[in-house]
Amino acid sequence: MNLFDLSGKTALVTGASGGLGRAMAVGFAEAGANVVAVASSESAETVEAIRAKGGRAELIAADLRNEDVLEDVVENAAGFFGGIDILVNNAGIIRRTPAANHSREDWHEVIGLNLNAVFFLCQLAGQRMLDRGSGKIINIASMLSFQGGINVPGYTASKHGVTGITKALANEWAGRGIQVNAIAPGYMKTNNTAPILADENRYRSITERIPAGRWGTPEDLVGPAIFLASSASDYMNGHVLCVDGGWMAR
């Protein structure tokens, strides 16, 4: 089990105020890591949950759509516990509008957070990891990294881009001690999927197509995230790990 031990490591997790991000952040702490939780507001519930269990965690409130704050986020995160060993790019948004009516504002907002911020945080944290010769980067992709979706053109484009960034960085950095991989969650019960969950017919039709017979929960991502953050995955590079209840196998 030492393969999965994160003791002494520091994990920077974006979008950590709830849902998938909170579950992964708490899971890292339970595996021994120090956690820097990045959220768009001063919400400290994730940090408080980690500290309540005896873990070490700090909060950074930042709007990652603003590229001017990204360097400070990484620098401040590194200052809390003496570096960044693990970066999880989880923060993301979705805007549901038919492609013919998808506004430029929605397009740029989604691409700004889901793709631009992902690359620049990889770059900034990656520079530190390259200097040290080790590090783990986990980007959160999607089933829409492989499929087209409906009424979410910006989101689909951004998630296809996330897989491309993951593979491109793995090609450059695998030989320098850094593993860059991605997790593609299937249908998860989170705030982002609330409109679908509220549509009884669509919810049922999707569930019927999932071989596992159920939607995922944020906790379903904890094990895969710990695996990719730990030495258990030292020879995995540029991989997109589907955690989808069998959706892609259907």
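Every test in (1) open to solvent by 70 Å² or more (accessible area, probe 1.4 Å); (2) at pLDDT 95 or above; (3) in a helix (DSSP H, G or I) is passed by Arg202 save one, and that test is (2).
For segment 55-71, a tally of residues being more than 18 Å from Gly83 (Cβ to Cβ), in contact (Cβ under 8 Å) with a residue 40 or more places away in the chain and open to solvent by 50 Å² or more (accessible area, probe 1.4 Å) returns 2. Under 23 Å from Thr163 (Cα atoms) and of a type in the set (Val, Ile, Thr) - does that describe any residue in segment 39-51? No, segment 39-51 contains no residue that is under 23 Å from Thr163 (Cα atoms) and of a type in the set (Val, Ile, Thr). Close Cβ contacts (under 9 Å, 6 or more residues apart or on different chains) running from residues in segment 2-20 that are in a loop (DSSP other than H, G, I, E, B) and at pLDDT below 95 to residues that are of a type in the set (Val, Ile, Thr) and surrounded by fewer than 24 Cβ atoms within 10 Å (Cβ to Cβ) comprise Gly18/Thr190.
Can you say whether Ala33 is at negative phi and either surrounded by fewer than 16 Cβ atoms within 10 Å (Cβ to Cβ) or without any contact (Cβ under 8 Å) to a residue 60 or more places away in the chain (or both), as far as the supplied structure shows? In short, no. For the subset of segment 169-199 comprising residues that are surrounded by fewer than 16 Cβ atoms within 10 Å (Cβ to Cβ) and in contact (Cβ under 8 Å) with a residue 60 or more places away in the chain, which member is farthest from Ala23 (Cα to Cα)? Of everything passing the filter in segment 169-199, Asn171 is farthest from Ala23 (Cα to Cα). Within segment 125-168, the set of residues being charged (D, E, K, R) and open to solvent by 20 Å² or more (accessible area, probe 1.4 Å) comprises Arg128, Asp131, Arg132, Lys167. Among residues of segment 207-233 that are charged (D, E, K, R), those with a beta-carbon under 9 Å from a residue that is part of a helix (DSSP H, G or I) at least six positions away or on a different chain give the pairs Arg209/Trp247; Arg214/Thr207; Glu219/Ala23; Glu219/Gly27; Asp220/Ala23. I'd like the residue in segment 21-65 that is touching a Gly at 6+ places or on another chain (Cβ under 9 Å) and in a strand (DSSP E or B) and, out of all such residues, is farthest from Ser134 (Cα to Cα). In this case the residue turns out to be Ala39. Entry remark, segment 208-238: residues being surrounded by 16 or more Cβ atoms within 10 Å (Cβ to Cβ) and not in a helix (DSSP H, G or I) number 7 in total. Selection of segment 12-35 for residues being more than 12 Å from the chain's Cα centre (by Cα) and closer than 17 Å to Ser230 by Cα yields Val26, Gly27, Phe28, Ala29, Glu30, Ala31, Gly32, Ala33, Asn34, Val35.
The values are calculated or read from the model by the stated rules, or taken from the named source; none is laboratory data. Because the structure is predicted, anything quoted here is derived from the model rather than measured. Using ideal geometry, Cβ is built from the backbone for each residue, glycine included, and neighbour counts are taken over all protein chains shown. When the accessible area is computed, the model is the full protein with side chains, heavy atoms only, and any ligands, DNA or RNA have been set aside. Shrake-Rupley method; radii C 1.70, N 1.55, O 1.52, S 1.80 Å.
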